[in-house]
Every structure is written in C-alpha cells, then in structure tokens.
Amino acid sequence: MRQNPNPFLLTLLTFCLLLPIGLGATEQKHPENIRKLPPITAMQNGEIRSIHLTDIYDHYHTSCAGTLMSFIGIRYGLETLFGDETPDLDDLLVMTLAGGGPLDTLDYILKGGNPADRTWPPPGIASEFDHFIFQFFRKSTLEGTTVSMKPDAWPSDWFELREKFKNKTITEAEEKKRRENRRSVVQAFSTKNPDELYDSTGVYTFIPWGDMTEGEMTRNIRNQRRQNRAALGD
C-alpha cells in the first residue's frame with residue numbers, strides 16, 4: 001500500500017568503524033561474503049554502472065561497518081523504489097543527515113567518489129542509531145521510499161563500546177567484546193536479506209516545493225561549518 005508520509009522528515013546517520021579485512025592475494029583482499037554481495041546496478045549519464053561494495057572499500061582504503069550497512073540499505077531502497085527497472089541515478093534525490101560510511105558510500109554511488117567533490121557534513125550530523133534512515137525520491141514519478149534499520153540489527157552495546165574505545169576508557173574485556181561485535185555485524189549484514197535488517201515504508205507519493213542545486217548545498221554546508229567553528233572558538 002502506498003503511503004504519504006512527510007518526505008522532508010529526514011534522518012540518516014552513521015558512523016564508520018574500521019573492520020579487519022583478510023589481506024592476501026589481490027582476489028582474496030576481501031572476505032568471500034563481502035565479495036559475493038550483489039552489486040548496485042544503475043544508469044548514470046546514459047551508461048550502465050555496476051557498483052560493488054569492494055569498489056567502495058578499495059576507493060576509500062577502508063572496510064567500514066557504516067559503508068557495509070549503507071550499501072545494503074541503498075541497494076534495498078533503490079530496488080524498492082524502481083522495482084524491475086534499472087535505477088536511473090540522474091532521476092534520484094536522496095535526503096540524508098548521514099556522516100561517515102553512509103556519506104562516503106552515497107558520494108561514491110552518486111558522485112563517483114572524486115575527492116574534489118567529497119561531501120563534508122554540516123554541524124548536526126550525529127552518530128546515533130535513530131538516524132539510520134535513508135529516504136529516496138524518484139523525481140520523474142514523484143515517488144519515494146524510506147528504509148530504516150531495525151532496532152535489533154546492531155549489538156545492544158555497540159555504541160557504548162564504540163564511545164569507550166574512542167575515549168580510550170575501554171577495558172581489555174570490553175575491547176574483546178567490541179571486536180566480537182564487529183565480526184558479528186559483518187557476518188549478519190553480508191548474509192541476511194535486506195528486509196531482515198531494514199524496515200521499509202514501501203513506495204509513497206510526494207510533492208516537493210522549492211529546489212536546491214549542488215552548488216547551493218555545498219555553499220550552505222560550508223557556511224554552516226564555518227559558523228560552527230566560530231561559535232566554538234576554533
């Protein structure tokens with residue numbers, strides 16, 4: 001059933017914690033379950049692109065949990081919104097308040113990952129679970145969909161241990177648990193169906209007012225970051 005939620009109720013977050021990758025021969029650089037993840041196949045500038053998670057890992061020289069999470073969520077959102085059609089990235093608008101892995105993942109998929117075009121998050125981007133929401137809008141049909149991570153997708157102590165690790169207050173036992181959490185997340189995200197990890201609104205109709213160009217977004221983000229630094233006395 002199609003729904004009509006407020007399409008401008010945005011949230012999406014994330015964080016980026018490095019996960020160990022087994023290094024060896026080039027073809028064994030990434031674990032098998034990561035290599036076997038289905039790619040995102042989409043049209044852009046009239047050409048078909050096949051984007052693998054390993055492409056993003058290699059581009060950013062990292063294997064971030066947020067990147068894995070967002071890649072699966074983005075693919076799920078595109079499949080929900082476009083159905084059997086090949087997604088057209090030029091017909092897509094993504095609304096987000098994400099940082100870290102999801103931000104880099106969206107940059108790579110939508111902007112090609114050019115360092116010169118990297119999106120730097122404005123103040124207010126927070127690494128909190130309740131921001132794990134992606135909103136996708138198809139401009140030509142005025143249809144959208146929202147996917148949000150299920151509450152039990154992450155280990156219950158993930159964020160607590162992450163903060164302790166960042167603050168260097170983590171105990172040896174907690175560090176062991178943190179590493180176990182990271183391994184379990186990689187295994188869970190890469191082997192489960194997306195609908196086991198994400199809730200989806202299905203496809204709904206939206207009506208937009210106003211517009212914002214790429215240049216406006218970049219300029220406004222830059223101004224907000226500058227104002228925030230000034231307020232903090234940096």
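The values are calculated or read from the model by the stated rules, or taken from the named source; none is laboratory data. Computed from a prediction, not measured in an experiment: that's the story for all the values here. These area figures cover heavy atoms from the full protein model, side chains too; ligands, DNA and RNA do not enter into them. Shrake-Rupley method; radii C 1.70, N 1.55, O 1.52, S 1.80 Å.
The table below lists the values:
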item: DSSP H segments from the chain that extend 24 Å or more along their own axis, Cα-based, with Kyte-Doolittle mean of -1.0 or above; result: 65-82
item: Kirkwood Rh and Cα Rg combined as Rg over Rh, evaluated for the range 90-201; result: 1.01
item: Gyration tensor (Cα) of the range 144-202, equivalent ellipsoid semi-axes in angstrom; result: 28, 13, 7
item: Å² per residue, accessible surface of the chain at 1.4 Å; result: 55
item: Semi-axis lengths, Å, the range 46-124, gyration tensor of Cα atoms, sqrt of 5 times eigenvalues; result: 20, 14, 13
item: Extent along principal axes [Cα atoms of the chain; Å; largest to smallest]; result: 53, 48, 36
item: Rg/Rh (Cα only; Kirkwood hydrodynamic radius) as it applies to the range 84-138; result: 0.98
item: Share of carbon and sulfur in the accessible heavy-atom surface of the range 75-234 [1.4 Å probe, %]; result: 50
item: Most fluctuating residue given options 189, 82, 165, as computed from a GNM of the chain linking Cα atoms under 10 Å; result: 165
item: GNM top mover of 40, 109, 48 - the chain, alpha-carbon springs below 10 Å; result: 48
item: Proximal aspartates and glutamates to residue 150, defined as alpha-carbon separation beneath 13 angstrom and excluding residues fewer than eight positions away on the same chain; result: 130, 195, 196, 199
item: Two-decimal ratio, the range 156-234, of alpha-carbon radius of gyration to 2.2 N^0.38 Å; result: 1.77
